[in-house]
Amino acid sequence: MDEEKKIIPIFFATDDNYIPFLAVSMKSLLDNASKEYFYNIHILTDGLSDENINLLKYNMSDNSTLIVDNMNTFVKGIEEDLNESLRDYYTISIFYRLFIAKKYPEYHKAIYLDCDITVVGDISELYNTELDGNIFGVVVDDVIGSVEEFKVYATEGVGVRYDRYFNSGMLVMDLDKYRSEDILNRFIKLLTTYNFETAAPDQDYLNVLCKDKVKYLDKGWNRMSVDEDFDGKLNLIHYNNFRKPWYYDNVPYGKYFWEYAKKTNFYDKILGIKNAFGEEQAEKHIKGAQGLVAQTIRVVNSDKNFKKVLFDK
């Protein structure tokens, strides 16, 4: 490593099942990242196979390093509460981003990314965004804004206006501010005291805990694949709904995923996943989407939601 280069820490969270898609995210990020920086790529996990770790290393660049972080000790004691918050298609790894500031006290700033992301811009530009004293740099969640039930959920279930409700799959994190605001301990207190009914567990908690303390960034830094009706600068694509390009054809911005998938050593495996995807799995996705809508309605009508417990006092 060139010691004169500034380090940019970037975090992902996954288990072995999502490794092929993480590889695409990493490859796209590093291919487009400025060579003026060195990138510490952290994988937050409860365990990865040695084979997958070695396969991921193949996709690294000369100005980056791969660091695999086992998070088991950091969630010890609250695993039951965390698991109770999950819906059937989530795993406990969605909460790992909340522990970054504690696990890495030497970092003052970091980026967190979901694994279903393809980066087509220079990630150092995102990192260098001034947060103006806010905890996070974020982008409003366009999936929430695209469904009427989700709009009501954000406003009446979480207590955050739907056009201010942010997506937690891309976070520019001021870790010093995160620590000074005691976000982690406040999260654990809310989780263990109330364990709110939620539809998007980590995202809902972060929207509540960081309400009015985030800087809203250009949508090009977390452009969601709801449509391709966007005329700004496209920097980061987030396939954050059920229609993933490795399952379906004609996914908005899906061409970018495949462009970088071809450059990884997982391309054949990803093609195999897509070719094996059939009507039965598609039907499960339809039911999952319907279940998510139903869950948002249940939470809005529940007496145990964020808005009624924390804000309607």
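The values are calculated or read from the model by the stated rules, or taken from the named source; none is laboratory data. Note that the structure is predicted; figures quoted are calculated from it, not measured. Here Cβ is always computed from backbone atoms with ideal geometry, including for glycine, and neighbour counts include all displayed protein chains. Note: accessible area is taken over every heavy atom of the protein model, side chains too, but ligands, DNA and RNA are not part of it. Shrake-Rupley method; radii C 1.70, N 1.55, O 1.52, S 1.80 Å.
Work out the charge dipole of the range 251-313 with +1 on the Cβ of Lys and Arg and -1 on the Cβ of Asp and Glu about the Cα centre, then indicate which of 299, 264, 288 is farthest towards its positive end.
It is 299, whose Cα lies furthest towards the positive end.
For the range 200-297, what does the alpha-carbon gyration tensor say about shape, rounded, prolate or oblate, given a ≥ b ≥ c as the root eigenvalues, a/c under 1.5 as rounded, and a/b over b/c as prolate?
Since a/c reaches 1.5 but b/c is at least a/b, the shape of the range 200-297 is classed as oblate.
Of the accessible area of the chain, with the probe set at 1.4 angstrom, what percent is carbon plus sulfur?
Answer for the chain is 45 percent, counting heavy atoms of protein chains only.
What's the FRET efficiency of residue 233 with residue 276 using the Cβ-Cβ distance as r and R₀ = 30 Å, to the nearest 0.05?
According to the calculation, E is roughly 0.25.
Any idea what diffusion coefficient the chain gets from Stokes-Einstein, in µm²/s, Kirkwood Rh on alpha carbon pairs, 10 °C, 1.306 mPa s?
79 µm²/s
How large is ³J(HN,Hα), in whole Hz, for each residue of the range 151-164 in order, when computed from phi with the Karplus curve 6.51 cos²θ - 1.76 cosθ + 1.60 and θ = phi - 60°, using x for Gly and Pro?
Those phi angles translate into 4, 5, 4, 4, 6, 9, x, 9, x, 10, 3, 4, 8, 10 Hz.
Considering amide H positions built from the backbone, and no H for Pro or chain starts, which residues 5 or more places from residue 64, or on another chain, come under 5 Å of its amide H?
For residue 64, the qualifying residues are 39.
Taking the mean number of other Cβ atoms within 10 Å as a proxy for protection, how do you rank 108-120, 288-300 from highest to lowest?
108-120, 288-300
Given the options 30, 276, 171, identify the residue whose Cα lies farthest towards the positive end of the charge dipole of the chain (+1 on Cβ of Lys, Arg; -1 on Cβ of Asp, Glu).
171
Would you calculate a helix-derived [θ] at 222 nm for the chain, using -39,500 (n - 2.57) for each DSSP H run of n ≥ 4 and dividing by the full residue count, to the nearest 500?
Result for the chain: -10000 deg cm²/dmol, rounded to the nearest 500.
How far is it, in nm, from the label point at residue 152 to the one at residue 216 when both lie 7 Å from their Cα along the line to the Cβ?
Between residue 152 and residue 216, the label points sit 2.3 nm apart.
Contour minus end-to-end for residue 125 and residue 193, with contour as 0.36 nm per residue of separation and end-to-end as the Cα-Cα distance?
20.6 nm
Short version: ³J(HN,Hα) in whole Hz for each residue of the range 302-307, in order, from phi by Karplus 6.51 cos²θ - 1.76 cosθ + 1.60 (θ = phi - 60°), x for Gly and Pro, what are they?
Once rounded to whole Hz, the list reads 7, 7, 10, 10, 4, 4.
How much area per residue is accessible in the chain when the probe is 1.4 Å and only protein heavy atoms are counted (Å²)?
Here the per-residue accessible area is 44 Å².
Starting from the Cα of residue 274, draw a straight line to each of the lysines and keep only those under 25 Å, dropping any in the same chain fewer than 8 residues away.
27, 57, 244, 255, 262, 263, 284, 287
Using the Karplus curve 6.51 cos²θ - 1.76 cosθ + 1.60 with θ = phi - 60°, work out ³J(HN,Hα) for each residue of the range 64-70 in order, rounded to whole Hz, and write x for Gly and Pro.
Going residue by residue, I get 8, 9, 9, 10, 9, 10, 7 Hz, with x marking Gly and Pro.
Give me the percent relative contact order of the range 195-313, please, defined on Cα pairs under 8 angstrom at least 6 residues apart.
For the range 195-313, the relative contact order is 29 percent.
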